[in-house]
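Below is one structure; the comments refer to it alone.
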Amino acid sequence: VGVTHRADISAFNLVETSNFRGRVLRSDGSPVSGASVLLRVAGGTAQTSHTAGSDGSFLFSAVRPGSYDVTVSHPLGSLTVTSAVSLVAATEEVRDIAFPDLGTLSGTLRTAAGFSTNGNVTLTAAGFSRYLGVSASQGGAFSFVDVPLGAYTLTATETRSASILTMAVVVAAG
């Protein structure tokens with residue numbers, strides 16, 4: 001006696017997918033390693049994410065065609081860029097996503113007598129906060145990199161005396 005099995009495949013819909021790839025860059029074209037790239041259905045909640053590689057690259061493969069929002073978060077936090085992308089079946093969309101101009105704020109933490117010292121430095125603004133520990137063995141030097149341009153409050157605390165200095169600073173282009 002032979003038994004025959006039949007599979008009913010009428011319930012399956014095969015959908016052609018697409019790929020979405022690109023790079024996360026600074027405004028000068030250099031890559032941003034470790035950025036979080038979130039792909040979300042436009043107006044929806046379904047999402048997937050990847051972390052940009054050392055060259056800033058990311059790849060979403062086998063994505064259903066449609067409209068999506070792409071949100072890129074800088075690995076140091078407090079900075080995101082969002083854009084829309086439409087994916088077409090059986091194609092690959094390639095798009096580089098660049099952060100706006102970013103700056104660097106550097107300085108040296110010193111005692112009133114001019115000696116480098118240990119301490120903490122915090123850079124804050126609305127929706128932004130970064131903290132750095134500072135070591136006298138490194139000459140009291142500190143540097144905040146990839147800071148969005150704008151006005152900030154810099155607070156420095158010297159460890160030994162617990163003296164605090166607060167000042168307004170501006171991170172500008174160039």
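The values are calculated or read from the model by the stated rules, or taken from the named source; none is laboratory data. Just so we're clear, the structure is a prediction, and the values are computed from it rather than from any experiment. Please note: Cβ atoms are built from the backbone with ideal geometry, for glycine as well, and neighbour counts cover all protein chains shown. Note: accessible area is taken over every heavy atom of the protein model, side chains too, but ligands, DNA and RNA are not part of it. Shrake-Rupley method; radii C 1.70, N 1.55, O 1.52, S 1.80 Å.
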Compute the length gained on full extension between Glu92 and Thr80: take 0.36 nm times their separation in residues and subtract their Cα-Cα distance, giving the result in nm to one decimal. 1.9 nm
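Give the calculated FRET efficiency between Leu149 and Ala62 to the nearest 0.05, with a Förster radius of 45 Å applied to their Cβ-Cβ distance.
Values: r = 38 Å, r/R0 = 0.85.
The calculated FRET efficiency here is 0.75.
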Identified option (computed mean projected area of the Cα convex hull in nm²; candidates (i) 16.1; (ii) 17.2; (iii) 14.7): (ii)
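Please check the chain for the longest run free of chymotrypsin sites (Phe, Trp or Tyr not before Pro) that are loop-located per DSSP (anything but H, G, I, E, B) and have at most 14 other Cβ atoms within 10 Å. Spell out each step's value before the answer.
On the way: sites that count: Phe12, Phe115.
Between the exposed loop sites, the longest stretch runs 13-114.
What is the dipole size for segment 14-156, taken about its Cα centre, with +1 at each Lys and Arg Cβ and -1 at each Asp and Glu Cβ, in debye to the nearest 20?
Working: 8 positive and 9 negative charges, 69 e Å.
Its charge dipole is roughly 340 debye.
How big is the charge dipole of segment 94-174 about its Cα centre, in debye rounded to the nearest 20, if each Lys and Arg gets +1 on its Cβ and each Asp and Glu gets -1 on its Cβ? Please report the intermediate quantities before stating the final value.
Values: 4 positive and 4 negative charges, 39 e Å.
Using only the charged Cβ atoms, the result is roughly 180 debye.
Just to confirm, what accessible area per residue do you get for segment 78-174 at 1.4 Å probe, in whole Å²? Present the calculation step by step, with values, prior to reporting the outcome.
On the way: 5370 Å² over 97 residues.
Solvent-accessible surface per residue comes out at 55 Å².
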So, in nm, how far is label Phe115 from label Ser129 when the simple model puts each one 7 Å beyond its Cα toward the Cβ? 3.2
Using each residue's phi in segment 27-38, evaluate 6.51 cos²θ - 1.76 cosθ + 1.60 at θ = phi - 60° and report the 3J(HN,Hα) Karplus result to the nearest Hz, with x for Gly and Pro. 5, 8, x, 6, x, 10, 6, x, 5, 8, 10, 10
Considering only Val147, His74, Ile97, whose Cα is most displaced toward the positive end of the charge dipole of segment 69-174, charges sitting on Cβ of Lys, Arg (+1) and Asp, Glu (-1)? Val147
In the chain, with Lys and Arg counted as +1 and Asp and Glu as -1 at Cβ, which of these residues, Ala162, Ala173, Ser106, has the Cα nearest the positive end of the dipole, that is, farthest along it? Ala162
Given charges of +1 on the Cβ of Lys and Arg and -1 on the Cβ of Asp and Glu, with all other atoms neutral, how large is the dipole of segment 44-107 about its Cα centre, in debye to the nearest 20? 160
Residue list for segment 89-128, given a label point 7 angstrom along the Cα-to-Cβ vector of Arg40 and an amide N cut-off under 20 Å: 97-100, 127-128
Over segment 70-174, what is the mean sequence separation of C-alpha contacts under 8 Å (at least six apart), divided by residue count, expressed as relative contact order in percent? 25
